[in-house]
Amino acid sequence: MNSWKLQLDAWEGEFRCVTFVRAELEFEMGDDPLLPEVGWSWLMDALQNRGVEFSAPSGTVTRVSSEAFGQLAERDRSYEIEIRASWTAFGDFDRHLEAWCDLISYSAGLPPLPEGVTALTPRKSKSVVR
């Protein structure tokens, strides 16, 4: 059995979505011991809320804490979260893309829209031809 076949077996399919997300965090959130679980739940919630078919999700969530020294010592401590993830996608790939956009939104701190609420988009301006 070749290595490609073994990889397909591990993926449980033929098409794999892979992402890397990095976001700055507020100080209080960076110290939260449940932060990695929260970061992973953003991905799982995004996929499940869009109702996409997927299997074999895997990845890591990393908390990055930076503290400056020397001439940079005046900078505040900063926190970031990094989400490296992949999943095998089935079905409507547009909805997988929408779920990925939701993950980006959650990571940016944007709350999900409640059921039945639609985001308003700017109207396209009509050009006046003279």
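When only alpha-carbon atoms are used, what values of Rg and Dmax, in angstrom, describe the chain?
19.4, 69
Based on the Kirkwood radius over alpha-carbon pairs, what is the Stokes-Einstein translational diffusion coefficient of region 31-79 at 4 °C with 1.567 mPa s viscosity, in µm²/s?
96
In whole angstrom, note down how far apart the Cα centers of region 27-50 and region 51-82 are.
12
Would you report the distance distribution of C-alpha pairs in region 56-114 as whole percents per 5 angstrom bin, up to the bin with the largest distance?
4, 13, 16, 19, 15, 11, 8, 6, 4, 2, 1
Order the peptides 70-77, 47-54, 18-25, 107-114 from the highest to the lowest mean number of other Cβ atoms within 10 Å of their residues. Write out the running numbers ahead of the final one.
Numbers: 70-77: 8.1, 47-54: 16.2, 18-25: 14.4, 107-114: 11.0.
Descending mean neighbour count gives 47-54, 18-25, 107-114, 70-77.
With n ≥ 4 as the cut-off for DSSP H runs, can you work out [θ] at 222 nm for the chain, using -39500 (n - 2.57) per run divided by the number of residues, rounded to the nearest 500?
-10000 deg cm²/dmol
All of the numbers you see were taken from the coordinates with simple rules; none came from a lab. The shown structure was predicted, so the numbers you read here are calculated from the model rather than taken from an experiment. Glycine also receives a Cβ, built like all others from the backbone with ideal geometry; neighbour counts cover every protein chain displayed.
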